[in-house]
Amino acid sequence: MLVTRNGEIVHRRGYGSTSGRPITSQTRLSFASVTKQFAAMCAAMLIEEGRRDPDEKVSHYSLGLKLPMKGRELRVKDLPWHTRGLTNFIHSKEQESIAEFKQEHGLQYLNNSTHAQWLATMNLRRAPGQEFEYTNSGYVLLVMCYWFGLSR
């Protein structure tokens, strides 16, 4: 939990446990369904404030990541609108690919950066902006565009 007032941290503490270990303010937790709405809301707030352009190319924020292209380049608005054409890491075929990627790179788990690197190895299912298809993978890139890109 993090509580701020006027930009100052007034409370920072972890609660509960995960895998038998206590959660602290430094514990890394998996990006899951409970956090997706926060990522989307943060993106919407930054767009509303004029701090982010939904038509910006994802490559502008992806810190050198070479994402696959099909048709036009992936744009930020494709991520929360689920029109990105990315593979969905939930499916068994993709889980096998992730397991191979982790083994090849000596990883126990994927964080946002390594997940994005894995996504860059996968072909797009279709050109971005063409068709709605809910996938979880876009949230990883959305976080990169809006969180890591804040320092730009």
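Okay, here's what the table says:
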{"read-out": "Net charge, PHE89 excluded, C-beta distance under 15 Å - Lys, Arg +1, Asp, Glu -1", "value": "+1"}
{"read-out": "Label-to-label distance, nm, for residues given as SER17 and VAL3 (7 Å Cα→Cβ offset)", "value": "2.5"}
{"read-out": "Candidate lysines - alpha carbon under 28 Å from LYS77, same-chain residues fewer than 8 apart omitted", "value": "LYS36, LYS57, LYS66, LYS93"}
{"read-out": "Charge context of THR24, other residues only, Cβ under 13 angstrom, K/R +1, D/E -1", "value": "+4"}
{"read-out": "Residue (of LEU107, SER137, GLY85) at the positive-pole extreme of the chain, dipole from beta-carbon charges", "value": "LEU107"}
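Since every read-out is calculated from the coordinates, none of them should be taken as a lab result. Remember, predicted model here, so these are calculated numbers, not experimental data. Neighbour counts run over all protein chains shown; Cβ positions are idealised from the backbone, glycine included.
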